Amino acid sequence: MVTHTTFEQREKDVLYKIKLNSLKGLPLAKRRVSYTIQNQGKEVERRSTTSSEDGVIHIGVSHKYSDPLIQLRFENSDKLVVNKIITAVNPQQVAVTEIFPEGGKLIAGRINNIAAKSLNQQGLGIKSTVVIKQGADTLGVLRTNELGMGASSVFINDTIPLQITAYYEGGGESLVESPKIHDSGYSIVVNPRHNTRLFAQLNASSGQLDNSDVYFVVHHLGEVFFVSRSKLNKEEVVFSMDKEKLPMGVVTISILNSNFQPIIERPVFNYNPNQLLRHVVTLDKASYGKRENVKVSLLVGNDTDSLRFGAFSASVFDLSRVNTSYSQQGDILSTLLIDNDVKGNIERPNFYFEEDGSIKVEDLDYLLLTQGWRNLDWTSVGVDAKAKYQPEKNLKISGYTKKIGRSKPEPNANVQLISTKNFFDFIDTTSNEDGYFEFNNLVFPDSIKFLISAKDGVKGKNNIDIIFEEDRGFPIFNRLNIAQRDWDINRKYLENLESSKEFFAELERLGIKEKAIAIEEVLVTRKQNKAPEYSSNLNGAGNADQIISAEELSTCVTLDMCLSGRLLGVYFQNGIPYNTRGNTPMQVVLDGMYIDAENLSMINITDIESVEVLRNVNYTTIYGSYGANGLLILTSKRGVSAMGTISPKGILTVRPQGFQLTKTFYKPAYDVQDGLKYNTDLRSSIHWEPAIVTDKDGKASFDFFTSDNLGKYLLIIEGIDLSGRILHKKMEVVVE
């Protein structure tokens, strides 16, 4: 299914309009859709709705939710259950602008450099004109770039608050909060535009001139690259240094007083193309035809380098079949040189790097003036502190031992890790006071099973619950760049999805990929009773308007979520089943016991054998007043069917993530026999070479085959050498 989401800002909530279409563009009309709204990982609302003739549903998300997530569940036209997750963006009411004084403070009676950043309702940069006034005087006009950032120098007369107004492209304006103006203090003006030298000027008010020492320090990640000392005996103190001595990327200029306390600081971007890795990438031909082998040669390093070892990767894709904007994406330059040092959402990170290898100096400086300022912990400079997170040198299996049925830890328990291949092959350890245990320095392949056994350290009893600490990996969503994320990702890449379907169909034709086999239709006339014989249904097992079996429940997480949208004449609101005839809660019966409907979500779905729905008066009359609004009859598993849900005491089977063999990216070879050749080569991702290692002379090579698509392919090579020099190369491959 393909979604297209728009939203409308309302007084109390945001109304999301979600259109559901098939891959062929057909709307999912008149379909019951269950949805939940989660906030910060917790479910806060559970409702259902029906799509319109155009396949549109409307969902309101309250402003009170700071981190909302919409989860949809419905059946498509093929009666298959579809789950969709849409991360809701709580937009701002209006565009906003924030002011950033260079160095942190505005000083009266001095020239101050002021930066501004303007954001639209979605949190993305917007062009604006910022007018700065003080009283009746207009001090300056600041115009932001297309990413909403800019800076301008103004002379501030006195401490009267500034009146700042931002006028936005496309209409609209807003008043901007003015930073406080100080009558005494320090400010800084930095000139990063000189090619070879870095200049900084400290501006001090007259009350600060005490002839004491001030220190100009340039540093990064605790390493100091330059220190200069001067006397604070005049209002303007200028420092400069050679840029060649600085590393490439973001460095920080800090001014320290005579007590070595920082009084002002400012980040600066240093870029020296000479510090990039010199390279030559050559193709064996100027252009290529269909299914032709392309040979790529790489030479890196300088003639003076004694060794030219480096590790690189290469990717090739068809520009006509892959839709992407490279200014929106990051590469090795933006990631290593900007992302690691600048906080917040960096919109269009590749915007700052030109194709010819130069950078947009002014725009980068605007970024650092707005998002780059930060406070530093000076006690950590020059100190070799112990790393907060230790490097992962090998695999480990860890967890906790707890008293059975309780959350209290079981300390000093004897824990064994047992191989399922040989039960006499095991290692043991002891859990600590918090019940934590760990087996480290392990080496094992992926998808292998282990047994963890635990007994208490006093009587050797196995009355212990073992909690396995799973490696959850990295989170799927990083909310840092939420403003520029496209949530309708399947719609954006619809053309790519269609291309992949054609490609997989060709693989199936050749027998490379398995395909579904159509069999003759078989008509079964026998009716299977889904309800077990021991059902508490007073009408008799299976005598119900609808029956849901354990097999149908096996793919769900919670019982109420699984039943929502499946039961005829029943809808769920906040986890409670309602009868559509009277819009009243239904009675829930669990193994003959009448329970409150709101407890439905607390029942373990793996314990349920069947769910019987009673709505017809023929079935509800026998229950008297309890059946007035209909009933859900739940029957638990018994005997053999219940054994799969029982966990033995003091033992646990785990399947941790282990090492995997490196998988080589598939590339076709067109010298095979004709019967196995593609009729049409429809690849969009042409090639991926993850491990290109140059030799001592800086040489490496790889090759790939073109597809049947004519046009231009984009080849990207990235990596670093042993000296830390960065390589980033983009070039086109012409297929005609």
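The values are calculated or read from the model by the stated rules, or taken from the named source; none is laboratory data. Note that the structure is predicted; figures quoted are calculated from it, not measured. As a convention, Cβ positions derive from the backbone with ideal geometry for all residues, glycine included, and neighbour counts pool all protein chains shown.
Some observations on this one:
- The lone criterion from (1) under 36 Å from the mean Cα position of the chain (by Cα); (2) surrounded by fewer than 20 Cβ atoms within 10 Å (Cβ to Cβ); (3) not in a strand (DSSP E or B) left unmet by SER174 is number (3).
- Of everything in the stretch 241-264 that is free of Cβ contacts under 8 Å to residues at least 60 places away in the same chain and surrounded by 15 or more Cβ atoms within 10 Å (Cβ to Cβ), the residue that is farthest from ASP339 (Cα to Cα) is ASN257.
- Odd one out for ASN145, checked against (1) of a type in the set (S, T, N, Q); (2) more than 34 Å from the chain's Cα centre (by Cα); (3) over 13 Å from ARG110 (Cα atoms): (2)
- Residue count for the stretch 185-223, restricted to those that are touching a residue at least 24 places away in the same chain (Cβ under 8 Å), in a strand (DSSP E or B) and closer than 18 Å to ASN112 by Cα: 11
- Residue check: ALA642 meets all listed conditions (1) within 30 Å of LYS403 (Cα to Cα); (2) modelled with pLDDT under 85; (3) part of a loop (DSSP other than H, G, I, E, B) but one, namely (3).
- When ASP54 is tested against the conditions (1) within 22 Å of LEU568 (Cα to Cα); (2) in contact with a strand residue (DSSP E or B) (Cβ under 8 Å, 6 or more places away or on another chain); (3) among the charged types (D, E, K, R), the lone failure is (1).
- Residue check, GLU347 modelled with pLDDT of 85 or more, outside any helix (DSSP H, G or I) and more than 24 Å from ILE692 (Cβ to Cβ): yes
- Test: HIS194 is within 20 Å of LEU364 (Cβ to Cβ) and either surrounded by fewer than 12 Cβ atoms within 10 Å (Cβ to Cβ) or acidic (Asp, Glu) (or both): yes
- Across the stretch 265-315, the number of residues qualifying as charged (D, E, K, R), in a strand (DSSP E or B), modelled with pLDDT of 90 or more and within 22 Å of LEU337 (Cβ to Cβ) comes to 1.
- Identity of the residue in the stretch 197-213, touching a strand residue (DSSP E or B) at 6+ places or on another chain (Cβ under 6 Å) and either not assigned by TED's automatic domain parsing to the domain that holds GLN261 or not small (Gly, Ala, Ser) (or both), that ends up surrounded by the most Cβ atoms within 10 Å (Cβ to Cβ): LEU202
- Of the residues contained in the stretch 292-311, none is found to be in contact with a Ser or Thr (Cβ under 7 Å, 6 or more places away or on another chain), in contact (Cβ under 8 Å) with a residue 60 or more places away in the chain and not assigned by TED's automatic domain parsing to the domain that holds TYR713.
- Selection of strands (runs of 3 or more DSSP E) fully inside the stretch 1-103 by the criterion of at least 1 residues being within 24 Å of the chain's Cα centre (by Cα), surrounded by fewer than 18 Cβ atoms within 10 Å (Cβ to Cβ) and of a type outside the set (A, V, I, L, M) returns 2-9, 13-21, 32-39, 42-50, 56-62, 68-75, 81-87.
- Taking every residue in the stretch 128-145 that is closer than 10 Å to GLN163 by Cα and pairing it with any residue that is among the hydroxyl-bearing types (Ser, Thr, Tyr) and surrounded by fewer than 22 Cβ atoms within 10 Å (Cβ to Cβ), at least 6 positions away or on another chain, the pairs with Cβ-Cβ distances below 6 Å are VAL131/THR165.
- A single member of GLY171, GLY109, GLY103 is of a type outside the set (Ser, Thr, Tyr) and farther than 25 Å from ILE255 by Cβ, and it is GLY171.
- Some residue of the stretch 410-425 being surrounded by 14 or more Cβ atoms within 10 Å (Cβ to Cβ), of a type in the set (Asp, Glu) and modelled with pLDDT under 90: no
- If you go through the stretch 413-457 and keep only what is in contact (Cβ under 8 Å) with a residue 60 or more places away in the chain and among the acidic types (Asp, Glu), you end up with just ASP446.
- Boolean, PRO179 is under 21 Å from LEU106 (Cα atoms), under 39 Å from the mean Cα position of the chain (by Cα), modelled with pLDDT under 90 and not basic (Lys, Arg): no
- Any hit, the stretch 224-236, residues being outside any loop (DSSP other than H, G, I, E, B) and touching a residue at least 40 places away in the same chain (Cβ under 8 Å): yes
- Note on the stretch 204-238: residues that are modelled with pLDDT under 90, under 43 Å from the mean Cα position of the chain (by Cα) and closer than 30 Å to ASP158 by Cβ amount to 0.
- Taking the criterion of being in contact (Cβ under 8 Å) with a residue 60 or more places away in the chain and closer than 16 Å to THR36 by Cβ, the residues of the stretch 564-600 that qualify are SER564, GLY565, TYR571, PHE572, GLN573, ASN574, GLY575.
- Residues in the stretch 140-158 that are in a loop (DSSP other than H, G, I, E, B) and exposed (fewer than 15 other Cβ atoms within 10 Å of the Cβ): GLU146, ASN157, ASP158.
- Per-region count, the stretch 592-613, residues charged (D, E, K, R) and over 18 Å from GLY624 (Cα atoms): 3
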